[in-house]
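Everything on this sheet refers to the single structure shown next.
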């Protein structure tokens, strides 16, 4: 395919494109050089152009639109599904947006303006107003006739939405129920008054949880008064879930969430997004140096203690990062709420004690073997050094797991995204406090011997 495009064998290209799935065609266009994208897009059959356009990357969409005539752009936009068209339009600058809206038919312009009127993070931005609705006194035969007449533009025909005379949603019925019922059966006889709906002003992230809980491919969207205004399908929810997970991962990595994909983010923006946290973490690590300076006398008396500083602080930071990762993800999946903090604290303290004892035992074994095999001389008081390392690791791992698990709860309590408690942040906090724990335990155990 790419070779034929390079050789400009357009008839062969057109034939091959017509035999490929729309999403695969979009992938081919995305990968083409900028100069060839619009040319290839013009080769697409008109009935497939809008569907393929929906699959393209946002920057490629805008690039192709610039290369098309107004009539071609109008045809594509009018044929696009409302939710995908909204995703395209919301990225346009205001002057271009107004000009683009004028290319739509009156009906489609009203739909587009209505959807763009919702908050960008609301369910209203994701929905489509094209669905199949019915009234409770209709027969199954009337439902089928309605589908044949108006169902062409519907996003899905899997579910029929039942509304009352005021347009309020009162139930939803799977199409399979209608298919398996006699034609004279009334819709109200098929209703079970059990349905799940989204509110148009609801945050998109809440909708993800509802889709996950009820395992649906589409859900109706209603106003605060219960009036049915659209539906949201699972393909849009999957995009939201991906964006949400990406944002949390980026925050947890110790940077601000990127507004664009990595390859599209300008270098200056990438530096700015990362610099803030790096400065904060760097300043935090300065306190580690200050802590080392505070215990300078102890280190001079027992240089052997300095050998274990990397071991000790990394164990605390790693355990804290593990705990923070587990708790933040559990919060994102709604497995934990603020009221669960005491339950989590008890579990993490026990986990921290067990993990610290495990690492401490390995540390003691290492010191013993090195001393006995003559690989290193920890002085005649090496058993006390081993005991110091054991209790230090128990203490610092317990502190790391406690800090990593409780910081997300604290942030959520004051209204900050728990993902902000990034792994580097937790590790830096435990580094500083871990040194204090280490040298305090060493001063207590080794007093009168090495210290």
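Read the figures in this text as sums done on the coordinates, not as results from a lab. Small disclaimer: the values here were computed from a predicted structure and weren't measured. Positions of Cβ are generated from backbone atoms using ideal geometry, with glycine treated the same way; all protein chains shown enter the neighbour counts.
Some notes on this structure:
- Distance from segment 338-397 to segment 237-251 (C-alpha centre basis), Å: 37
- Distance in nm between pseudo-label sites at residue 188 and residue 137 (7 Å out along the Cβ direction from Cα): 0.8
- Exposure proxy for 251, 66: other Cβ atoms within 10 Å of each Cβ, ordered fewest to most, give 66, 251.
- Residue 375/residue 270 FRET efficiency (R0 51 Å; Cβ-Cβ; nearest 0.05): 0.65
- Look at 270, 183 and count the other Cβ atoms within 10 Å of each Cβ; fewest to most, that gives 183, 270.
- Computed over the chain, the ratio Rg/Rh where both radii use C-alpha atoms and Rh is Kirkwood: 1.14
- Counting DSSP beta bridges with both ends in the chain, the antiparallel % (nearest 5): 80
- With the simple model of a label 7 Å out from the Cα in the direction of the Cβ, residue 354 to residue 12 spans 6.4 nm.
- Annotation: extensible slack from residue 245 through residue 333 equals 30.6 nm (criterion: 0.36 nm per residue apart, minus Cα-Cα distance).
- In the chain, helices alone account for a calculated mean residue ellipticity at 222 nm of -20500 deg cm²/dmol, with every DSSP H run of four or more residues adding -39,500 (n - 2.57).
- Rounded D (µm²/s) - segment 81-187, Kirkwood Rh over Cα pairs, Stokes-Einstein at 20 °C, 1.002 mPa s: 137
- Mean Cα-pair separation over length for the chain, i.e. relative contact order, pairs under 8 Å, 6 or more apart, %: 12
- Estimated inter-spin distance, residue 116 and residue 94, nm [label 7 Å along Cα→Cβ]: 1.2
- Fraction of antiparallel bridges per DSSP, segment 133-242 only, in percent to nearest 5: 75
- With a cut-off of 19 Å on the backbone N, the residues of segment 163-194 near the modelled label site 7 Å out from residue 223 along Cα-Cβ are 163-171.
- Segment 2-117: proportion of alpha-carbon pairs further apart than 16 angstrom, %: 58
- Using alpha-carbon coordinates, inclination of helix 382-413 to the longest axis of the chain, degrees: 30
- Residues 37, 14 arranged by fewest to most Cβ contacts within 10 Å: 14, 37
- Ratio of the Cα radius of gyration of segment 133-242 to 2.2 N^0.38 Å, where N counts its residues: 1.08
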